[in-house]
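Below is one structure; the comments refer to it alone.
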Amino acid sequence: MNFNLYVFGNPGGKYSQYPQDYTQKMFAEACRDLSGARGVIYRSHDLVHYLFIEDLGNGKLIGICLIFNHIRFEYPKKLFGFLRSLIENTAVRNRNYLERTQNGDIAFTVAEFCDDIKAYDYLKSVINAALDYNNDFGTEELSKKYEGIHRTKYVASGEDDSVIVKLSDESNRVVVEYESGIDSNYTERIIASLRSRITDRDSVIKELNDRVSELERKKKQYHKVVLLFILVLCCCVGLFFLYNSLTETEGSLRDTRNDLTAAKNTISSKNDTIESIGRRNDSLNLALQRETLLKNAAEDVVDRVKSLVPVSVTSGHYNYGAREYKFNYHSFEPGSKSMTLKIINEANGQIYYENFTPHLNEGTGSYTVYVSRYLDGSHWHTFEVWHNGHIIGGTRH
């Protein structure tokens with residue numbers, strides 16, 4: 001399906017778009033007072049413009065516009081949903097103009113959109129494939145030019161598609177307002193949060209271990225005090241019998257007995273202290289076990305998140321002469337992966353598939369797939385790498 005693609009927003013803190021032409025004023029006006037996200041249908045003569053603009057947070061925004069000639073869609077909300085997914089998933093995952101920072105925020109990868117033409121071409125190939133092979137948008141051919149009133153109508157995102165389409169027949173500009181922009185609490189933010197919690201738990205566990213070690217040292221010191229006191233008591237008893245044998249006075253004997261009573265009271269008090277320390281030690285051990293379980297559970301969550309995306313394709317190149325497609329990848333785990341190379345001839349829409357099972361190393365690497373079918377190098381082709389029913393990357397050549 002023929003269409004014109006525009007990407008616009010404020011990378012580098014100022015307005016930018018690609019390509020640059022007469023549409024700049026219309027796109028810039030559509031970005032004003034944006035809160036959350038916005039879909040716009042703009043009609044001019046034979047042309048129908050579909051814009052989707054999204055707030056990325058921290059004052060940043062990005063928009064995509066598709067312009068069709070004599071074509072419109074019966075389900076514009078589905079088209080806007082597709083463009084939202086293109087921004088939040090495809091563009092961010094493949095670093096096409098956007099990327100996620102370590103703290104989970106969205107940031108631009110370019111200062112101006114014209115700095116990365118490959119990203120523009122890739123997004124256009126994804127959109128073209130979706131329009132050619134997905135009829136969920138309800139394509140409708142228009143037989144005449146727009147003859148309605150030049151005015152703007154605003155509707156909420158919960159309005160039916162039929163109402164939005166009817167308004168586009170009566171007004172040349174229909175704005176669909178969405179309350180929320182991109183969800184900043186995404187997978188990478190969850191992973192960063194879990195890692196932070198694991199670090200905090202490790203600190204708590206270390207502190208508890210230090211306290212347990214300190215209590216153990218104090219417990220040993222109390223044992224030494226008790227032994228020393230017993231030795232002192234034995235000496236007192238020896239003196240008592242010595243004094244008794246020497247027929248000491250009754251007063252001296254009474255003093256010795258009073259000392260013995262005081263010693264017994266001290267021993268009883270020290271025993272109570274030791275029992276209290278033992279109970280505290282047991283309580284600290286239980287707390288240590290609970291914190292260890294929480295740490296293990298958090299690490300399991302991180303592993304499950306990684307298992308959802310075990311491998312991704314970061315770049316690729318096709319050699320028409322050698323009929324080889326070489327791509328670079330990043331894998332979270334080593335091993336063999338069942339993959340499919342989907343090739344789309346953009347000239348006639350034909351699709352070819354090459355199934356292969358590479359053995360991937362953990363981390364970054366590259367792999368080359370031999371394409372059995374001859375491809376005409378004078379035409380553009382889209383190369384998509386699929387794994388477990390999901391596209392994990394691709395390029396256009």
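The values are calculated or read from the model by the stated rules, or taken from the named source; none is laboratory data. All values derive from a computational prediction rather than experimental measurement. Ideal geometry is used to build each Cβ from the backbone, glycine not excepted, and the neighbour counts take in all protein chains shown. Ligands, DNA and RNA are stripped out before the accessible areas are found, and what is left, the full protein with its side chains, is counted by its heavy atoms. Shrake-Rupley method; radii C 1.70, N 1.55, O 1.52, S 1.80 Å.
The table for this structure:
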quantity	calculated
Prolate/oblate/rounded call for the range 244-397, Cα gyration tensor, a/c under 1.5 rounded	prolate
Probe 1.4 Å, all protein chains present, accessible-area order of Cys65, Cys236, largest first	Cys236, Cys65
On Cα atoms only, tilt of 250-308 relative to the major axis of the chain in degrees	10 degrees
Linear extension gain, Ala287 paired with Val110, 0.36 nm per residue minus alpha-carbon span	58.9 nm
Heavy atoms of Ile182 accessible to a 1.4 Å probe, total area in Å² rounded to 10	20 Å²
For the range 1-29 versus the range 348-397, the gap between their alpha-carbon centres in whole angstrom	31 Å
Label-to-label distance, nm, for residues given as Asp300 and Leu231 (7 Å Cα→Cβ offset)	5.3 nm
Probe 1.4 Å, accessible area per residue of the chain, Å²	56 Å²
Contour excess over end-to-end distance, with Cα ends at Phe356 and Leu5 and 0.36 nm allotted per residue	123.0 nm
Residue-averaged [θ]222 nm for the chain, counting only DSSP H segments that reach four residues, each worth -39500 (n - 2.57)	-14500 deg cm²/dmol
Rounded to 5, the percent of DSSP beta bridges in the chain classed as antiparallel	95 percent
Reach of Lys219 by Cα under 26 Å, taken over lysines that are not fewer than 8 positions away in the same chain	Lys206, Lys264, Lys270
The chain - percent of accessible surface contributed by carbon and sulfur, probe 1.4 Å	49 percent
Inter-centroid distance (Cα atoms) of the range 309-346 relative to the range 237-271, Å	91 Å
Read-out P(r) over Cα pairs in 10 Å bins from 0, in percent, derived from the coordinates shown; its label in [x] 4, 16, 19, 17, 11, 7, 6, 5, 5, 4, 3, 2, 0, 0; [y] 5, 23, 32, 27, 13, 2, 0; [z] 5, 17, 18, 12, 10, 9, 9, 9, 7, 3, 0, 0	[x]
Alpha-carbon centroid distance for the pair the range 99-173 / the range 65-94, whole angstrom	4 Å
